[in-house]
Amino acid sequence: MQIDVVSDTVCPWCFIGKRRLARALELRPEIEFDVRWRPFRLDPTVPREGVDRAQYMRAKFGGGPKVQAMAEAIRAQGAAEGIAFDFARIERRPDTLDSHRLIRWAAAQGLQDTIVERLFAAYFEEGRDIGDPAVLEFLAADAGMDSIQVAELLADDTDRAAVEREAKLASEMGITGVPTFIFANKFVLSGAREPEVLAQVIDKAVEAETEEPADSP
């Protein structure tokens with residue numbers, strides 16, 4: 001079964017959603033899954049060099065106890081999934097386009113899930129600037145990719161427009177929040193839902209495929 005996951009690499013709920021999807025897939029070991037990560041840009045106006053995250057967050061969400069409560073809620077949800085969110089370590093709010101390009105290249109090597117996990121951990125747990133080409137090269141090597149090739153690809157903007165178009169297409173499809181899961185091109189579920197909920201949608205997708213009439217000879 002193909003599952004498309006539309007997400008952004010600076011979305012904490014997407015990190016949580018990834019861990020929950022992994023647990024959902026474990027609940028259905030009899031099914032072979034093909035998980036594909038699709039780009040979404042929560043804020044395409046962020047410049048390529050990124051911006052100061054503290055200033056960005058204040059401008060976007062304001063300050064005070066409400067923002068602190070939001071961060072604490074995310075930390076609690078993340079801890080339940082084995083994620084140690086450390087927002088205080090994050091200095092830059094990066095443009096995420098190059099990180100999505102890296103995810104695109106990783107797919108050709110069967111390393112997409114590995115690099116997505118590494119990007120999330122690097123940003124949210126280690127405070128790394130995942131908009132920095134040097135950081136992306138390091139993470140690529142850490143995930144088993146050829147860092148020299150990745151450096152060359154990052155320096156060449158050939159596929160940049162293609163990734164921008166794919167991210168824009170998600171918005172044109174009506175996706176306004178991430179993560180969004182698309183099961184077998186039939187069922188769409190938004191939000192970092194619990195594994196049991198995701199597994200129920202997987203069951204519906206299987207049922208729908210079973211009920212489809214066979215093609216006429």
Failed criterion for residue 122 (all others in (1) in a helix (DSSP H, G or I); (2) closer than 21 Å to residue 18 by Cα; (3) in contact (Cβ under 8 Å) with a residue 24 or more places away in the chain hold): (3)
Any hit, region 82-89, residues being surrounded by 14 or more Cβ atoms within 10 Å (Cβ to Cβ) and of a type in the set (A, V, I, L, M): yes
Of all residues making up region 183-210, the number that are of a type in the set (S, T, N, Q), without any contact (Cβ under 8 Å) to a residue 60 or more places away in the chain and either surrounded by 14 or more Cβ atoms within 10 Å (Cβ to Cβ) or at positive phi (or both): 2
Counted residues, region 112-161 - those being among the β-branched types (Val, Ile, Thr), surrounded by fewer than 22 Cβ atoms within 10 Å (Cβ to Cβ) and within 25 Å of residue 74 (Cβ to Cβ): 2
The one condition in (1) of a type in the set (Asp, Glu); (2) part of a helix (DSSP H, G or I); (3) surrounded by 14 or more Cβ atoms within 10 Å (Cβ to Cβ) that residue 95 fails to fulfil: (2)
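In the list 52, 4, 8, 43, which residue meets the criterion of being under 21 Å from residue 195 (Cβ atoms), in contact with a strand residue (DSSP E or B) (Cβ under 9 Å, 6 or more places away or on another chain), of a type outside the set (Lys, Arg) and modelled with pLDDT of 95 or more? Before the answer, list the steps.
On the way: 52 fails: under 21 Å from residue 195 (Cβ atoms); 8 fails: under 21 Å from residue 195 (Cβ atoms); 43 fails: under 21 Å from residue 195 (Cβ atoms).
Exactly one residue qualifies, and that residue is 4.
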Unmet criterion (only one of (1) touching a strand residue (DSSP E or B) at 6+ places or on another chain (Cβ under 9 Å); (2) crowded, with 21+ Cβ neighbours inside 10 Å; (3) part of a helix (DSSP H, G or I)) for residue 104: (2)
Filter result (modelled with pLDDT under 95 and in a loop (DSSP other than H, G, I, E, B)) within region 55-82: 62, 63, 64
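What residue, of 53, 20, 28, 38, is over 29 Å from residue 166 (Cα atoms) and surrounded by 14 or more Cβ atoms within 10 Å (Cβ to Cβ)? It would help to see each step written out before you state the result.
Working: 53 fails: over 29 Å from residue 166 (Cα atoms); 20 fails: over 29 Å from residue 166 (Cα atoms); 38 fails: over 29 Å from residue 166 (Cα atoms).
None of the other options fit; the residue is 28.
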Selection from region 20-52 of residues that are outside any loop (DSSP other than H, G, I, E, B), within 21 Å of residue 124 (Cβ to Cβ) and more than 19 Å from the chain's Cα centre (by Cα): 51, 52
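The values are calculated or read from the model by the stated rules, or taken from the named source; none is laboratory data. Nothing here was measured: the structure is a model prediction, and the numbers come from that model. Positions of Cβ are backbone-derived with ideal geometry, glycine not excepted, and every protein chain shown enters the neighbour counts.
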